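The values are calculated or read from the model by the stated rules, or taken from the named source; none is laboratory data. Only a predicted model underlies this, so the values are computations on that prediction, with no experimental measurement involved. Note: ideal-geometry Cβ built from the backbone for every residue, glycine included; neighbour counts use all protein chains shown. Protein only, heavy atoms only, side chains kept; ligands, DNA and RNA dropped before computing areas. Shrake-Rupley method; radii C 1.70, N 1.55, O 1.52, S 1.80 Å.
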Amino acid sequence: MVFDNKKVQNPTNTECMRVATILQTKFGNFMKSRNDEKADEIVKSEITRGEFHWQTDRRPKDCGVFVMRYMEDYMGMNILRWDCGIEDEGRKQTNQLGKLRKKHAARLLLSDCNMKKDKIVADMMKFRAGNADARKKKVTLRGV
């Protein structure tokens, strides 16, 4: 199953299906090299493209946000009944994706695995301190 956030007129004739086929072959060959019993099944399985109500043509740069949401939410349930919680195309979806983008960026930047985490936290603290000083100046100027 290909999880794609794009609306497509002819889903079998797309770049994502070509890439999915290449990935399937490469992954199947890798599994064969590891003598996995399911390797042949992987190579021979039919690739299908899911159709979901939240698909959109307006947000080509948000594919990473969609992928993170899919990985966060999909737990192997029946794909026909699955709903990752993303709204239909429109203003609500735009706001939701913005919030998800911030959430995932914060998790990545502040992860213990991030070797630059300490610098990012220090920069964030400087930024917050600068904003606090700017707010104090505004309050002081208003009081004059």
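Its residue count N sets the reference 2.2 N^0.38 Å, and the alpha-carbon radius of gyration of the chain equals 1.52 times that reference.
Between Phe52, Phe30, Phe66, the Gaussian network model of the chain with springs among Cα atoms under 10 angstrom shows the greatest mean-square fluctuation at Phe30.
Secondary-structure-derived ellipticity at 222 nm for the chain, considering helices only, amounts to -19000 deg cm²/dmol, per-run term -39500 (n - 2.57) for DSSP H runs with n ≥ 4. Only Cα pairs under 8 Å and 6+ residues apart enter the sum, and on that basis the relative contact order of the chain stands at 20 percent.
Can you tell me the length gained on complete extension of the stretch Thr25 to Arg107, counting 0.36 nm per residue apart and subtracting the Cα distance?
26.3 nm
Among the GluC sites (Glu not before Pro) within region 22-51, those in coil by DSSP and having at most 14 neighbouring Cβ atoms inside 10 Å are Glu37, Glu46, Glu51. Would you mind telling me the share, in percent, of accessible area of the chain contributed by carbon and sulfur at probe 1.4 angstrom? Carbon and sulfur atoms account for 56 percent of the accessible area of the chain. Here the gap between Asn35 and His53, fully extended at 0.36 nm per residue and compared with their Cα-Cα distance, gives a gain of 2.6 nm.
Spin-label pair Met77-Val8: with each label point 7 Å from Cα along the Cα-Cβ axis, the two points sit 2.5 nm from one another.
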